[in-house]
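The values are calculated or read from the model by the stated rules, or taken from the named source; none is laboratory data. Note that this is a predicted model, so its numbers are computed, not measured. Glycine also receives a Cβ, built like all others from the backbone with ideal geometry; neighbour counts cover every protein chain displayed. Quick note on the areas: whole protein, heavy atoms, side chains included, nothing else; ligands and nucleic acids left out. Shrake-Rupley method; radii C 1.70, N 1.55, O 1.52, S 1.80 Å.
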Amino acid sequence: KSEEAERYIKVIRNRTEVLRQLTEELFCYSVVTSPEYDNDVEFVSVNSVLEESILGFYAVLQERNITPNISMPENKV
């Protein structure tokens, strides 16, 4: 393969990936906007989500000698 062919193949791969992502986004959008979509409201505690996220990275932070200073509101958000 020549360098020019390699360059074109790379461009095609990149464009194909962009099209794949756009297709997935369009599919998700069509599902969400369809009348059959179950759009029940679900309450989520943002505090809990943040705590779980921080705990997921805590070991990595400790390995790098980083101590997070975290303050959460008393009331649930």
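Just need a number here: residues in region 33-52 that are among the β-branched types (V, I, T) and exposed (fewer than 11 other Cβ atoms within 10 Å of the Cβ). Show your work before the answer.
Keep residues of region 33-52 that are among the β-branched types (V, I, T), which gives 33, 41, 44, 46, 49.
Next cut, exposed (fewer than 11 other Cβ atoms within 10 Å of the Cβ) only: 33, 41, 44.
Within region 33-52, residues that are among the β-branched types (V, I, T) and exposed (fewer than 11 other Cβ atoms within 10 Å of the Cβ) number 3.
If you check V60, V46 for being in contact (Cβ under 8 Å) with a residue 24 or more places away in the chain and not hydroxyl-bearing (S, T, Y), only one passes: V46.
Aliphatic (A, V, I, L, M), within 23 Å of the chain's Cα centre (by Cα) and surrounded by 10 or more Cβ atoms within 10 Å (Cβ to Cβ): does that describe L55? Don't jump to the end; show me each part of the working.
Working: aliphatic (A, V, I, L, M): yes; within 23 Å of the chain's Cα centre (by Cα): yes; surrounded by 10 or more Cβ atoms within 10 Å (Cβ to Cβ): no.
Taking the combined requirement at face value, the residue does not satisfy it.
Taking the conditions exactly as written (touching a residue at least 12 places away in the same chain (Cβ under 8 Å) and open to solvent by less than 100 Å² (accessible area, probe 1.4 Å)), does I66 satisfy them or not? When the stated conditions are applied, I66 does not pass them.
Do the conditions hold for E42, that is, is it under 21 Å from the mean Cα position of the chain (by Cα), within 30 Å of E74 (Cβ to Cβ) and not hydrophobic (A, V, I, L, M, F, W, C)? Spelling it out, E42 is indeed under 21 Å from the mean Cα position of the chain (by Cα), within 30 Å of E74 (Cβ to Cβ) and not hydrophobic (A, V, I, L, M, F, W, C).
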